Amino acid sequence: DYYVSGEGYFTGVLAKHIEVAHSSGTGEDVNRAFLVTYLADSILMPSTFLADYVTCTEVDSATVRVAISYYGVQAEGLLSFNEHGEITAFTCEDRLYDDGQGVSFPARWTVEIADYRPDTSLGVRRPHSAKVFWELPEGDYVYFSSDNITMAYNVEQPTGEMVQP
């Protein structure tokens, strides 16, 4: 998933080499769904929550509402934290579910993460497992699950000037 200048795009890849699906933003609901995916992915790059276009509001001692407004599109969700201050879940209502029959509708969408481990190269703890699913009337539909999340960071200096909207 990626979001550029107010429009969302998705490329589904099988085994990291075979493109099996591609779509792009075709309306406010679709672009909101792509934007909220970016917001959920920010769990892995939490400095995003400090951006001017993101607001965070405490709901209770274990929950924060995060909202993003970017290129006129707005989305929001809830971050849940454990007793160690680690993010354990992101939940929202802004992600569309496609039933495979050409019908898309908003459904509660959840990203659960766990198994925080030290990353000695960065001096931080980061999650190593994740499960992503829609909560549907007939039961949860899990479409991603991994117990071996790895991340690589580009430590090179950027070559261009970053432009904020």
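The values are calculated or read from the model by the stated rules, or taken from the named source; none is laboratory data. Note that the structure is a prediction, hence the values are computed from the model and not measured. Cβ: placed from backbone, ideal geometry, glycine included. Neighbour counts: every protein chain shown. We work out accessible area using only protein heavy atoms, side chains counted, and drop any ligands, DNA or RNA first. Shrake-Rupley method; radii C 1.70, N 1.55, O 1.52, S 1.80 Å.
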**OP:** Select, from D115, D140, D99, the only residue that is over 25 Å from A51 (Cα atoms) and at pLDDT below 85.
**Re:** D99
**OP:** Output the number of the condition that I149 fails; it satisfies all remaining conditions of (1) in contact with a His (Cβ under 7 Å, 6 or more places away or on another chain); (2) loosely packed, with under 13 Cβ neighbours inside 10 Å.
**Re:** (2)
**OP:** Residue by residue through segment 113-146, note down the ones that are part of a loop (DSSP other than H, G, I, E, B) and open to solvent by less than 90 Å² (accessible area, probe 1.4 Å).
**Re:** L122, G123
Original post:
So is D29 touching a residue at least 60 places away in the same chain (Cβ under 8 Å), open to solvent by 80 Å² or more (accessible area, probe 1.4 Å) and either in contact with a Gly (Cβ under 6 Å, 6 or more places away or on another chain) or assigned to a helix (DSSP H, G or I) (or both) or not?
Top reply: yes
